[in-house]
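The values are calculated or read from the model by the stated rules, or taken from the named source; none is laboratory data. Every value quoted in this text rests on a predicted model; they were computed, and no experiment measured them. Please note: Cβ atoms are built from the backbone with ideal geometry, for glycine as well, and neighbour counts cover all protein chains shown. SASA here: full protein model, heavy atoms, side chains in, ligands and nucleic acids out. Shrake-Rupley method; radii C 1.70, N 1.55, O 1.52, S 1.80 Å.
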Amino acid sequence: MMNRRNFFKLTGTCTGGLLMVPDFLYNYALQDNVTNADNCLVFIQLEGGNDGLNTYIPYQDELYYKFRPAIGITKSDIISGSGGMGFHPKLSGFADIQQKGDLTVVQNVGYPEPNRSHFRSQEIWQTATDSNKYTNNGWLGRFLDHHYKDYHATGGINFDNIDNLALKGIEPNALTIQNPNTLKTYSSEVNIKLSDNPQLDFVRKIAGSVVDGAEELEKALGKATATDVIYPDSKLAKNMEWMAKLIRGGLNSKVYYTSLSGFDTHSNQKSEHANRLEDVNDAVYTFYKDMKASGKLNNVTIVIFSEFGRRVQDNGKGTDHGTAAPMFIIGGRNKGRNIGSNPDLLNLDNNGDLIHQIDFRSVYASLLKDKFSFDPTQIGITNLALKGIF
């Protein structure tokens, strides 16, 4: 029996643009069931547990500085302060997007009975299940299964070297790639019959979807309009640049997904966290300007989140695993407001962590309902959609 991670490595469609399954599998019958819709979601997952309190900072609450003598951000360095909250000094782009009315901050996002394991908490966010339940398919994969009647090769695009559970469904509706330019297109002239081996058949389906996907990506890149926007020299920024080209080229993907690691800041937090936030800020702000200049911003919704926040009290060098943290929603005609109250540093749980106010699945429900007119209960999300984002 293959464990899930090894199966993901097998079925991850591309690493460095090279397919990870043999050529003979690229013969599954091709299909053309493309649907054209304008809206898409772009997810940026901050892996390791981003410190929300040092990202969007309750700088007017003196408890913040009492709990964080070693890592608290000086008041004079905080930017775009309003309503007792302000941004880390490395997030000047976020501050500008907020000033322009294109950024909504959802405060204190988490879930009941939080799990402080990176892997398990990421799994909970990616499957949208309760913390004591398990499922093999991700919430976006389930959505794509419902949205398309049969597999659709470019329903979701994951920029990584391993598949993301969030996009895993019954059908292979998402591609995992690193560089669209190096995708290898395989011939489908030879007809390989399906077998009685479900895992092999699933890999064969993936093989067929890659053929379709490579062709669709090539078409979109060829049609991408030119832009004067110059992206920073970082892996995240390059991923965002690829997304922008595919969106400008008319690729009909509903979901784009990427991640950035390095947020597990138990020590050396002030410098390490600043570096990670600068990376996020520069990549996202450039992508934002690109989408705005190309007239795509209203149809593109950027969602930035992490699997959990950090402990309120610093440990002298950094912070340990916590619970609730903010989510950031950019573009997509969002209302550009703060939703939820400021972090309550006076009333913490028994571990000294923030008590979540908003369930992340309510945010998911709003994204599905407002961006795709999709009923989230069809994929097992029963939380009411969070009002006020769009």
* **Three-way shape label, region 239-335, alpha-carbon gyration tensor, a/c 1.5** => prolate
* Structure fact -> Counting sequence-distant residues (5 or more places) and residues on other chains, those with an amide H built under 5 Å from that of I339 are V105, V106, Q107
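With every protein chain left in place, what is the accessible area per residue of region 273-388 in square angstrom, probe 1.4 Å?
Per residue, region 273-388 has an accessible area of 39 Å².
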* Which of I157, S121, I177, positive extreme of dipole for region 110-191 (C-beta unit charges) -> S121
* **Rounded to whole Hz, the Karplus (6.51, -1.76, 1.60) HN-Hα couplings of region 68-76, x for glycine and proline** => 10, x, 8, 10, x, 7, 4, 4, 5
* Taking the Cα centre of region 269-390 as origin, work out the dipole magnitude from +1 charges on Lys and Arg Cβ and -1 charges on Asp and Glu Cβ, in debye rounded to 20. => 560
* **Integer Hz, Karplus 6.51/-1.76/1.60 couplings in order for region 295-309, x for Gly and Pro** => x, 9, 4, 5, 9, 10, 10, 9, 10, 10, 8, 9, 5, 6, x
* For region 289-390, which whole percent of the accessible surface, found with a 1.4 angstrom probe, sits on carbon and sulfur atoms? -> 44
* Asked: What percentage of the solvent-accessible surface of region 95-163, computed with a 1.4 Å probe over protein heavy atoms, is contributed by carbon and sulfur atoms?
  -> 45
* ³J(HN,Hα) across region 273-285 via Karplus (A = 6.51, B = -1.76, C = 1.60, θ = phi - 60°), whole Hz, x for Gly/Pro? -> 5, 4, 5, 5, 5, 5, 4, 4, 4, 5, 5, 5, 5
* Structure fact -> The alpha-carbon center of region 322-354 and that of region 209-257 are separated, in whole Å, by 31
* **Order by protection proxy (mean Cβ within 10 Å, highest first), peptides 298-305, 110-117** => 298-305, 110-117
* **Residues of type aspartates and glutamates that K66 reaches as a straight line, Cα spacing below 19 Å, ignoring anything fewer than 8 places off in the same chain** => D51, D77, D314, D320, D344, D349, D353
* Positive-end extreme of charge dipole, region 279-372 - chosen from Y288, L348, T319 (charges on Cβ) -> Y288
* Interchain or long-range residues, amide H under 5 Å from G86's placed H -> I57, Y59
* **I170/A274 FRET efficiency (R0 45 Å; Cβ-Cβ; nearest 0.05)** => 0.60
* Structure fact -> Rounded to one decimal in nm, the spacing of the 7 Å Cα→Cβ label points at D150 and N298 is 3.5
* Asked: Once amide H atoms are placed 1.01 Å from N in the peptide plane, what residues at a sequence separation of 5 or more from T176, or on another chain, have their amide H within under 5 Å of its amide H?
  -> T13, C14, N158
* Pulled fully out, how much extra length does the chain show between N179 and N136, if you take 0.36 nm times their separation in residues and subtract their Cα-Cα distance? -> 12.8 nm
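Over all distinct Cα pairs, what is the inverse of the mean 1/r for region 295-380, reported as the Kirkwood hydrodynamic radius in Å? Mind dumping the intermediate values first?
Working: mean 1/r = 0.0666 Å⁻¹.
After inverting the mean inverse Cα-Cα distance, the result is 15.0 Å.
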